[in-house]
Amino acid sequence: MENRIEFKNITKYFPGVKALDNISFTANGGEVLALMGENGAGKSTLLKILNGDYQQTSGEYLVNGQPCHFNSPAEVAAGIGVIYQERQIMLQLTVGENIYLGRLPTGALGKIKTKELHEKAQKIIDDFGLNIKSTDKVKDLSIAYQQMVEIMKAYSRENLKMIAFDEPTASLSDAEIDSLFHIIHKLKDEGKVVIYVSHRMAEIRQIADRVAIFKDGCYVGDSRVDEITDAQLIQKMVGRDLGDIFSSLDKTKTIGDVVLEARDVESPFLKKTSFSVCAGEVLGFSGLVGAGRTELVRAITGADPMTGGEVFLDGKPFKCHSPHDAIVRGVVMVPEDRKLQGIIPRLSVGDNITIGSLDRLTGFLGHINSKLAREIAENGKAVQHQNAESGKSNCGVVRRQPAEGNCRTVAGKQAACPDSRRADQGHRHRRESGIL
């Protein structure tokens, strides 16, 4: 019997927000189905319902014709595996222990059968063609191999029927992506249902057979990948033609003076690098994973020590010993790892946005002016709209695995949040120049 998952009229409400609106479609075994849509379209929310992280408000999903409902990931026992963008592994345990975590083979007295465990795990590793050992500690593996461990963990489940990948290539190199795609092809050839979430058009063309399109929590439709153009895909995702996306932007007519200049900047992780950016200009850094893009920005903003070179801000020497030094002078960084470095998950969206402005919000005795904090946070209305788990900026809690795009939005609003220490004319000038 061919594996198949059917979604029927799935609707999901969060306080004040309808995250999914009557979603119905089918994913078939032996094909790779890509889910595409803008941030907040509902793709990750649907996967979390499938994995038991969330429960749908109404509707149902069927696995091979049988209705399923899971109140938590621990209840998932229908051959379903979801690989999130954030690692769901125990770094201090071995590869084998992670693969069979929760299902470790034990003896009569509950003692783990270590030899049997590693023999079973090594067989899966060899089937995947990976050059690692079951006894290796996961903390010693690369990000790509850690992701492979998660895939093998799902693969090891008895009677695996479906596996879903949520933005799996975000931190992988080209060679690592090729390895991942090899595994996905293996799963597809075995008749598994493979769901793949990504924003990268080239990857979708390379790996997917069919694409399902989401917009604002609604299912727009699906198409064979070879029967739809990139422009048509984008039009369905955003609701307008590709040529219209940038038409409303207030493009800079003239480029101003140099605002930030780096000359031969070096760090323990970066070789000599130079660049300059002018007022009214957006400068992009591109390159493969490990090329030094993030390391350059970290060195300039004081997150990493700068061991050589010079940086000038508005023509004056600019050297930071910490990110706080950079913030005081009006230069902020939205970090690559938003969840680890950009937000505090247990605080609300509003608290995260204003956390860099506490000097402005606290009185003589250190009490926070809640009304002023709420007014500042409410300026970020896009955050309220995109974070389906909040509804309001002062009550939403970030901790429940928000979508990566929502974390990026919160971190970005936090970086752009005004602070009395940075409210001088020079800071406003630099913010208009896009130094964030």
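Checking the stated criteria, D314 turns out not to satisfy the condition of being in the same structural domain as E261 (by TED's automatic domain parsing), touching a helix residue (DSSP H, G or I) at 6+ places or on another chain (Cβ under 6 Å) and surrounded by 17 or more Cβ atoms within 10 Å (Cβ to Cβ). Of the residues making up region 320-357, those that are assigned to a loop (DSSP other than H, G, I, E, B) and not hydroxyl-bearing (S, T, Y) number 16.
For region 174-184, the criterion of being closer than 24 Å to V63 by Cβ, surrounded by fewer than 16 Cβ atoms within 10 Å (Cβ to Cβ) and touching a residue at least 12 places away in the same chain (Cβ under 8 Å) is met by none of the residues.
The set of residues from region 204-236 being in a helix (DSSP H, G or I) and free of Cβ contacts under 8 Å to residues at least 24 places away in the same chain comprises R205, D226, E227, A231, Q232, I234, Q235, K236. The single residue among K12, K43 that is of a type in the set (D, E, K, R), under 20 Å from L187 (Cβ atoms) and crowded, with 23+ Cβ neighbours inside 10 Å turns out to be K43. Every condition in (1) modelled with pLDDT of 50 or more; (2) closer than 30 Å to K316 by Cα; (3) in a helix (DSSP H, G or I) is met by N406 except one, and the failing one is (2). Would you be able to say whether some residue in region 341-348 is within 30 Å of R87 (Cα to Cα), in contact with a Ser or Thr (Cβ under 8 Å, 6 or more places away or on another chain) and in contact (Cβ under 8 Å) with a residue 60 or more places away in the chain? Checked against the condition, which is being within 30 Å of R87 (Cα to Cα), in contact with a Ser or Thr (Cβ under 8 Å, 6 or more places away or on another chain) and in contact (Cβ under 8 Å) with a residue 60 or more places away in the chain, region 341-348 yields no hits at all.
Screening the candidates L35, L20, L104, L91 for the property of being loosely packed, with under 15 Cβ neighbours inside 10 Å, touching a helix residue (DSSP H, G or I) at 6+ places or on another chain (Cβ under 9 Å) and either part of a loop (DSSP other than H, G, I, E, B) or in the same structural domain as Q146 (by TED's automatic domain parsing) (or both) yields one hit, L91.
The values are calculated or read from the model by the stated rules, or taken from the named source; none is laboratory data. Treat the numbers as computed from the prediction; the structure is a model and nothing was measured. Note: ideal-geometry Cβ built from the backbone for every residue, glycine included; neighbour counts use all protein chains shown.
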